[in-house]
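Engineer: Below is the structure I would like to discuss, written out as structure tokens.
What follows draws every value from the coordinates through simple rules; no lab data is involved. Keep in mind that what you see is a predicted model, and the values were worked out from it rather than measured. Cβ sites come from the backbone with ideal geometry, for glycine too, and all protein chains shown count toward neighbours.
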Amino acid sequence: MAGRDRSVKAIGETQSVCPECLRVIPAVKTEEEDGIYLEKTCPEHGDFRALIWEGSRESYEAWGAGARPADRILKAGPSEKGCPLDCGLCEAHERRGCCVLLEVTKRCNLRCPVCFADAGEGEDISLEELGRQMDFLMEHGGPFNLQLSGGEPSMRDDLPELIRMGKEKGFTFFQLNTNGIRLAEEEGYAKALKEAGLSCVYLQFDGIGDEVCQVFRGKALWEQKKAAVDACEEAGLGIVLVPVIARGINEDQVGTILKYAVDRMPAVRGVHFQPMSYFGRYPEDPGSYRVTIPKLLALIEEQTGGMMKAEHFTGGNATNPYCTFQANYLRREDGSLSPLAHGESRRGGASEQARKYVEQQWSGAKTGSCCCGENEPETQNCCCGESTEQMRLDTSSLDEFLMKRHNNTFAVSCMLFQDAYNLDLARLRRCYILETDSRYGMVPFCAYNLTDRRGRFLYR
């Protein structure tokens, strides 16, 4: 990088893009006093740098240890132009997919200052076209977990019909990515979605109270958020709270959000944090700072009074470890939380194992004998990776024990999406969160939503 301080230590190389023109350019990871940075120079537009890790080189490298080998991509396309220009998926991609976003509409009933899709006006995607996209997914490795997204998907009146169509095509897990307004305001809507086969509500939830909603969503929505949770609980739908976390806006609400979620168990199955990424629509130039994995883990530990500790969390699963973290907790009778230890298979599981875990954990309260609602497992390990032998200890009723175990399990996770400033193409090739688009096929989320500094998309 031109003009770099010679005391800065380079610790790795990768490829990224220029935030001005999205040209693929070399990038260097550097170690500095306050953490690890990604630095790059565009021949036309100059130097850029972004913080990617608040911690030492040793902690950064340890977090990424133990990644699993690449998946085999079914019916992969050729890699001709190079990443990220051949998405569909191409033969250079290393993960086959866990969750796929099916965008069902361009419309939205909000105009959020922060929106990766830059949604607002537009049209619904026809059922026929969505059916063709589902068929493509089944032919290319499905069934995946389907996230119905947009825009605001509840703007459509035929979501129950769409879910039933997906079930007929072989999909088993449907998640609704929503602001919750219709769930809150239309009596019986949550129940109708549940009866159609909806598994989980992925609820936009940036904080407690109206102040944060005003900043992120441009509107006071706290009463609607609470009402949406109530409606989903009554309908038996699992709920995942999804907060965007941004410096100086709601970093101080991390612990408050977690406490609210635990208090609303078992309807609320977990919290999935998303530190703010700068693509689509956002209010200002990001500068070099990002809320990083170490920073968010420190906030969780500090604001929960040590009930949730940074050491409880691991990265990886089936995606790149620098994209995510996760921990599971068991709520005990006195209301306290105990971390659940996971074996190596959970920590570094393949895409299919990750898909099944999400399906099991994020669905609503269970009544079956296995934690996933199935019959007692015949193998040594249950689908969630826990020892069935251990599950039998200290219980005279396995059915009741496993039901309580599922309903008292709580997940805390995070996904750090990449933007044009901090994009690392090595990370992108391990992405298993995909968007489906009839023009391209399946595109990694961070490539599909990638925009330059003026908001121009690479794919969308």
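Engineer: Charges at C-beta only: +1 for Lys and Arg, -1 for Asp and Glu. How large is the resulting dipole of the chain about its Cα centre, in Debye rounded to 20? The partial results should precede the final answer.
Structural biologist: Working: 55 positive and 69 negative charges, 128 e Å.
I would put it at about 620 debye.
Engineer: Could I ask something else about it? Would you kindly state how much longer the chain becomes between residue 298 and residue 408 on full extension, computed as 0.36 nm times their sequence separation minus their alpha carbon distance, in nm to one decimal? Mind showing how you got there, number by number?
Structural biologist: Values: separation 110, 0.36 × 110 = 39.60 nm, distance 2.45 nm.
Extending this stretch completely gives an extra 37.2 nm.
Engineer: HN-Hα J couplings of the range 211-226 from phi, Karplus 6.51/-1.76/1.60, θ = phi - 60°, integer Hz, Gly and Pro as x?
Structural biologist: Rounded to whole hertz, the list is 4, 5, 4, 4, 5, 7, 10, x, 7, 6, 9, 4, 5, 5, 4, 4.
Engineer: Assuming R0 = 35 Å, can you tell me the calculated FRET efficiency for the pair residue 426 and residue 247, based on Cβ-Cβ distance, to the nearest 0.05? The partial results should precede the final answer.
Structural biologist: On the way: r = 26 Å, r/R0 = 0.73.
Between residue 426 and residue 247 the formula returns 0.85.
Engineer: Just to verify a number: FRET efficiency for residue 9 and residue 309, C-beta to C-beta distance, R0 = 35 Å, to 0.05?
Structural biologist: Numbers: r = 30 Å, r/R0 = 0.85.
Calculated value: 0.75.
Engineer: Just order 107-119, 140-152 by mean Cβ neighbour count inside 10 Å, highest at the front, would you?
Structural biologist: Ranking, from highest mean packing down: 140-152, 107-119.
Engineer: Contour minus end-to-end for residue 333 and residue 157, with contour as 0.36 nm per residue of separation and end-to-end as the Cα-Cα distance?
Structural biologist: Numbers: separation 176, 0.36 × 176 = 63.36 nm, distance 4.14 nm.
Gain in length upon complete extension: 59.2 nm.
Engineer: Follow-up question, since we're still on this one. Apply the Karplus parameterisation 6.51 cos²θ - 1.76 cosθ + 1.60, with θ equal to phi minus 60°, to every residue of the range 244-255 and state each ³J(HN,Hα) to the nearest whole Hz, in sequence, with x for glycine and proline.
Structural biologist: 7, 10, 10, 4, x, 10, 9, 4, 7, 9, 4, x
Engineer: For residue 27, what residues show an amide H to amide H distance below 5 Å, using hydrogens built from the backbone and excluding near sequence neighbours?
Structural biologist: Residues meeting the criterion, in which the H sits 1.01 Å from N, are 14, 15, 16.
Engineer: Going 7 Å from the Cα of residue 139 along its beta-carbon direction, which residues of the range 84-118 have the amide nitrogen within less than 14 Å of the resulting point?
Structural biologist: It comes to 89, nothing else.
Engineer: Pull out the extension gain between residue 79 and residue 341, defined as 0.36 nm times the separation in residues minus the alpha carbon to alpha carbon distance; nm, one decimal.
Structural biologist: On the way: separation 262, 0.36 × 262 = 94.32 nm, distance 3.92 nm.
Full-extension gain reported as 90.4 nm.
Engineer: Below 15 angstrom from the Cβ of residue 427, what's the summed charge of the other residues (Lys, Arg +1; Asp, Glu -1)?
Structural biologist: Working: positive: 29, 40, 68, 95, 290, 429, 430; negative: 13, 61, 94, 419, 424.
Around residue 427, the surrounding residues sum to +2.
Engineer: 7 Å from Cα along Cα→Cβ at both residue 56 and residue 220: what's the point-to-point distance in nm?
Structural biologist: Computed distance between label sites residue 56 and residue 220 equals 4.9 nm.
Engineer: Same structure again: Taking H placed 1.01 Å from N in the peptide plane, check which residues at least 5 places from residue 52 or on another chain put their amide H under 5 Å from its amide H.
Structural biologist: Those lying under 5 Å, H to H, from residue 52 are 36, 37, 38.
Engineer: Continuing with this model, one more query. What span do the alpha-carbon atoms of the range 202-263 cover on each of the three principal axes, reported in whole Å from largest to smallest?
Structural biologist: Answer, in whole Å and largest first: 36, 23, 16 Å.
Engineer: Describe numerically, in nm with one decimal, the distance between label points set 7 Å from Cα along Cα→Cβ at residue 185 and at residue 164.
Structural biologist: Going by the 7 Å Cα→Cβ label model, 2.6 nm.
Engineer: Modelling each spin label as a point 7 Å along the Cα-to-Cβ direction, I'd like the residue 234/residue 47 distance in nm, to one decimal.
Structural biologist: Placing both labels 7 Å along Cα→Cβ, they lie 5.9 nm apart.
Engineer: Out of every Cα-Cα pair in the range 111-254, what percent are more than 18 Å apart?
Structural biologist: Details: 5986 of 10296 pairs.
That fraction is 58 percent.
Engineer: On a 0 to 90 degree scale, rounded to 10, what angle separates helix 398-407 from the longest Cα axis of the chain?
Structural biologist: On a 0 to 90 degree scale, this one is about 40.
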